[in-house]
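Notes follow the structure.
The values are calculated or read from the model by the stated rules, or taken from the named source; none is laboratory data. As the structure is a computational prediction, the values presented were derived from the model and not from experiment. Note: ideal-geometry Cβ built from the backbone for every residue, glycine included; neighbour counts use all protein chains shown. Side chains are part of the model used for accessible areas, which takes the heavy atoms of the whole protein and leaves out ligands, DNA and RNA. Shrake-Rupley method; radii C 1.70, N 1.55, O 1.52, S 1.80 Å.
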Amino acid sequence: MTQSNIAANDAPVPKIIDRIASYVPELVAIRQDIHTHPEIGFEEVRTSGIVGDKLAFWGIEVHRGIGKTGVVGRLVGRHPVNRSVGLRADMDALPMPEETGLPYASIYPNRFHGCGHDAHTAILLGTARYLAETRDFAGTVIFIFQPEEGLGGARAMIADGLFDRFPVDEIYGLHNATFLAPDHLHVTAGTVLAGADFFDATFKGKGAHGAHPDAGRDPIAAITELVQALQTIVSRNVPPTEPAVLSVTKIGAGSAYNVIPETASVGGTIRAFSDGVRELIRSRLTTIARNVAAAHDLTAEIDIRDIFSVLTNHAEHVDIVADIGREVLGPTRVSTAPKRAMGSEDFADFLLHAPGAFFTLGHSGTVPAHNPGFIVDDAILPVGATLFARLVESRLKAA
């Protein structure tokens, strides 16, 4: 049986909270408006304004400008006790074109919600509205809306005192997934997503006429050699039992057909599930780049940046998410099978400060995220909001 058939025949349907179901038209309107007006990380002035204004309208205490454009909502239940749960959504779009043909497509060139953060924002807003109207929980909920896409939004918010000002006992985050059947949830304990570094290496030589290469020091010949040499790091230096990736994703050099340029550069990413392996790759990359440059009588500048921490879910909180998932979605629609991916997530840094879990929720999209044709199914909005709401009501259960 195919995954789509499973989704069609697997009962029961999600048990959406009735009050949240009534919000769907507004949540869809919010999501599609944000989609039409995408903003990349640390530039989400309009988006964070919408988020803050909605939270305030629903009677939630709002704190803006945390980590530049982050927004935090704080809500105390009817039964105040000294316990708190954090819920997180990312708000930023990607610097890439949109090719969906949607009537609410991005109006900005090279700005696109190609990862579904517009849906994540709407989901958490739906959760916040429901909990603000009912307040049937004991303790405090912290709603965290952050920049994310490889820009260090979580770290910026943490550095700006996020958890000092708004401590949480546990924290949860979700991400939409086209690789799961609609209304299916996956969550697993332990290391789930890789830590990631971004790197740039620039070689500087001596420019010359293309007809007289002997008069210059050609950085292009060296940079192409470097690309090949870097592929030996994972295959020859990293232990075969340790998954790792080094991908060169950018090459830049030259401006004319008859000019040997002064500089050439490459950039890319390092991914691994171990900080030790990441450090090994960083060290080998630096050594190889410097020596390749020296062999061609060039100078080298290497910049390696730690962007994402390894994301590790806490077993107790994985079980909590799975139990809520079975309650809302049905027992056969929840998977806890061990599964790791080389993708990375800013939520990893939140999990270094509080125990919790990050989970994925399937929807009917067929095009993967970060593709110009990616589309989020709005049916995911009430499902995600219900899951978050039930997590809070379960973990902050009123006596």
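Within a straight-line Cα-Cα reach of under 23 Å, residue 397 can be paired with the following lysines, leaving aside sequence neighbours fewer than 8 residues apart in one chain: 15.
The alpha carbon centroids of the range 347-399 and the range 286-334 are separated by 19 Å.
Average accessible surface for the range 72-115: 45 Å² per residue, computed with a 1.4 Å probe over protein heavy atoms with every protein chain in place. Taking only protein heavy atoms and a 1.4 Å probe, the accessible area of the range 39-120 is 55% carbon and sulfur. Overall, the anisotropy analysis places the range 9-83 in the oblate class: the square-rooted eigenvalues a ≥ b ≥ c of its C-alpha gyration tensor yield a/c not less than 1.5, with a/b not exceeding b/c. Quick check: at a probe of 1.4 Å, how many percent of the accessible area of the range 264-399 sits on carbon and sulfur atoms? Ligands and nucleic acids excluded, carbon and sulfur give 50 percent. Ellipticity at 222 nm from helices only: DSSP H runs of n ≥ 4 in the chain, each -39500 (n - 2.57), divided by the residue count, give -11000 deg cm²/dmol. Highest mobility in the GNM of the chain, judged by mean-square fluctuation with C-alpha springs under 10 Å and restricted to 208, 119, 385, is found for 208.
Of all DSSP bridge pairs formed entirely within the chain, close to 70 percent run antiparallel. Mean-square fluctuations from a GNM of the chain, with a 10 angstrom spring cutoff on Cα atoms, peak among 212, 186, 79 at 212.
Scoring 143-153, 23-33 by mean Cβ neighbours within 10 Å over their residues and listing the highest first yields 143-153, 23-33. Diagonalising the gyration tensor over the Cα atoms of the range 278-354 and scaling each eigenvalue by 5 before taking the square root yields semi-axes of 44, 13, 9 Å, largest first. Computed over the chain, the convex hull of the alpha-carbon atoms projects to a mean area of 21.7 nm². In the assembled protein chains, residue 157 presents an accessible area of approximately 0 Å² (probe radius 1.4 Å). The angle between the Cα long axis of helix 219-236 and the main principal axis of the chain comes to about 50°, on a 0 to 90 degree scale.
Over the range 206-344, accessible surface divided per residue gives 52 Å², non-protein components excluded, 1.4 Å probe. Relative to the longest principal axis of the Cα atoms of the chain, helix 24-36 runs at roughly 20 degrees.
Selection among 332, 240, 106 by position relative to the dipole of the chain gives 332 as farthest towards the positive end (Cβ unit charges, Cα centre). Ranked from largest, the principal axis spans of the Cα set of the range 345-395 equal 36, 24, 10 Å. Within the same chain, aspartates and glutamates fewer than 8 places from residue 339 are excluded, and of the rest, those with a Cα less than 18 Å from its Cα are 242, 316, 319. Under the criterion of Cα pairs below 8 Å and six or more residues apart, the relative contact order for the chain equals 24 percent. Considering only 264, 132, 221, the Gaussian network model of the chain with Cα springs below 10 Å gives its largest mean-square fluctuation to 221. The alpha carbon radius of gyration of the range 172-259, expressed as a multiple of 2.2 N^0.38 Å, is 1.75. Once you divide the Cα radius of gyration of the range 129-194 by 2.2 N^0.38 Å, the number left is 1.40.
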